[in-house]
Amino acid sequence: MNRTHPPTLLLIQGATNCGKSRFLDELLRRCCASWPVFHATCRKSERSLPYHEIAEALRHRLSAMDLSMVNLPRTWLNELARLLPDLFPTETMPQETWAGTPTVFADALVAFLQQLACPEQPLILALDDLHYANTLTLTVLGYLARNLHHARPGSVYIIGTYSSDVARKRFT
């Protein structure tokens, strides 16, 4: 394993109400204050909405940015427009339903996040309470972590928290 760059994914786990969210907030405030942070919290009531947490994290920060500089193939722009139709031009989004595969969607996210980040000012995707995320979201996060690290190490990091006792009940 190449150790010249730190791992792309950091998971903070602990029992319910032990301070994981507070720790994440402090970590972001103290260590990543000058970096762009895309932050969202997973909620049990939204578990049926695939990728909702990722969309929420991106939407909060991207709504104030000029996205005209995004230079991606049309297929990937279509995938991003399906995730964030309010932030991407509607002319890039065809009328049919989600036609892409999860891999095409994940590749679009990898390319998009890499365009937003640079090694001098890495980007953070922080997701709190991952024990409430649905399986599709968790799968895409794993794909992102692996592919972001290999494509351009050190430019995008994913930090997540999860409750070990809730996850144990849910996944066993």
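The values are calculated or read from the model by the stated rules, or taken from the named source; none is laboratory data. For clarity, every value in this text was computed on a predicted model and none was experimentally measured. Cβ placement follows ideal geometry from the backbone for every residue including glycine, while neighbour counts extend to all protein chains displayed. Calculation scope for accessible area: heavy atoms of the full protein, side chains included, ligands and nucleic acids excluded. Shrake-Rupley method; radii C 1.70, N 1.55, O 1.52, S 1.80 Å.
Numbers at a glance
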item: Residues with amide H under 5 Å from that of GLY160, placed H, sequence gap 5 or more; result: LEU10, LEU11, ILE12, LEU127
item: Of GLU79, GLU56, GLU46, the one that fluctuates the most in a GNM where the chain has Cα springs shorter than 10 Å; result: GLU46
item: Tilt relative to the chain, helix 135-151 - C-alpha long axis, 0 to 90 degrees, to 10; result: 80 degrees
item: Candidate residues HIS131, HIS149: accessible-area rank, largest first, probe 1.4 Å; result: HIS149, HIS131
item: Net dipole in debye of the chain [+1 Lys, Arg Cβ; -1 Asp, Glu Cβ; about Cα centre; nearest 20]; result: 600 debye
item: Given (1) -0.31, -0.38; (2) -0.41, -0.51; (3) -0.49, -0.58, the label whose value is log10 I(q)/I(0) by the Debye sum over Cα atoms at q = 0.09, 0.10 Å⁻¹ derived from this model; result: (1)
item: Share of carbon and sulfur in the accessible heavy-atom surface of the chain [1.4 Å probe, %]; result: 55 percent
item: C-alpha long axis of helix 102-116 to longest principal axis of the chain, angle in °; result: 90 degrees
item: Helix 20-31 vs. the chain, principal-axis angle (Cα, 0 to 90°, nearest 10); result: 70 degrees
